[in-house]
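Read the structure below first, then the notes.
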Amino acid sequence: MTADAMPPRLCLLIEDQPRTRDWMLGVLAAAFPDLRIETVGTLKAAHAWLDRHGAGLWLAIVDIGLPDGSGVDIVRRLQRENPDVLPVVATIYDDDAHLFEAIAAGARGYVLKDEEADLLVSYLRRIERGEPPLSPSIAHRMLSHFRAPTVVKDEAGLSPRETEVLTLLARGLTVSETATRLGLQPQTVASYVKVIYQKLCITSRAEATREAVRRGLA
């Protein structure tokens, strides 16, 4: 490397299936020939890798369904600690719940792993033009979602404080972080979350994120 040469950009590929991991390595190499790629296969390993190397990362390709948890946790961490990194979800899940949870957490792209390799290469190359890499079905799903009015009447009867809590949770904050932001005790926020779930007839954070997006809160 010459004195003025730039070091290769660094990518972390988080994928637990060996065959899929090898396939994605080929896609990334075709999209970005100068890219240095490191791989991990679990949520725990991804966190450990970020502890050591996160400051030098450019791109993270994140699978959602990992053996020990959700890859959205990594997206959320990058958004909080390394906002210059580009987290892109690569998954088999094309439903609203997974999509909007990932986007709300900070994902800068969302592609489906059942696409042809050359199509995925073209989607990822959009990053170089400052465009989000999105599979067409995902882009259509997002457009369809936002074609409806952004702000909807809150028929669930959420209080102003409950609405604040829902908004912060949908933006990726934990219960503890939400409590700090609002000047409340964590157990108080946990109680609000329980009430919110009851009023909205939901049972998961992904559903809460989708409801917040539907209400124009996230």
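Quick rundown of the values:
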| quantity | calculated |
| --- | --- |
| Residue in region 45-59 that is touching an Asp or Glu at 6+ places or on another chain (Cβ under 8 Å), small (G, A, S) and open to solvent by 10 Å² or more (accessible area, probe 1.4 Å) present | no |
| Sole exception among (1) within 13 Å of G172 (Cβ to Cβ); (2) open to solvent by 40 Å² or more (accessible area, probe 1.4 Å); (3) in contact with a strand residue (DSSP E or B) (Cβ under 9 Å, 6 or more places away or on another chain) for E81, by number | (3) |
| The one condition in (1) within 15 Å of the chain's Cα centre (by Cα); (2) part of a helix (DSSP H, G or I) that D94 fails to fulfil | (2) |
| Subset of region 1-26 that is at pLDDT below 95 and of a type in the set (V, I, T) - its residue that is surrounded by the most Cβ atoms within 10 Å (Cβ to Cβ) | T20 |
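Each row is one residue, and each column tells you yes or no for (1) open to solvent by 60 Å² or more (accessible area, probe 1.4 Å); (2) among the acidic types (D, E); (3) part of a helix (DSSP H, G or I).
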| position | (1), (2), (3) |
| --- | --- |
| V111 | no, no, no |
| D114 | yes, yes, no |
| R125 | yes, no, yes |
| E128 | yes, yes, yes |
| P132 | yes, no, no |
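The values are calculated or read from the model by the stated rules, or taken from the named source; none is laboratory data. Source: prediction; values computed, not measured. Counting neighbours? That spans all protein chains shown, and the Cβs are built from the backbone with ideal geometry, glycine included. Calculation scope for accessible area: heavy atoms of the full protein, side chains included, ligands and nucleic acids excluded. Shrake-Rupley method; radii C 1.70, N 1.55, O 1.52, S 1.80 Å.
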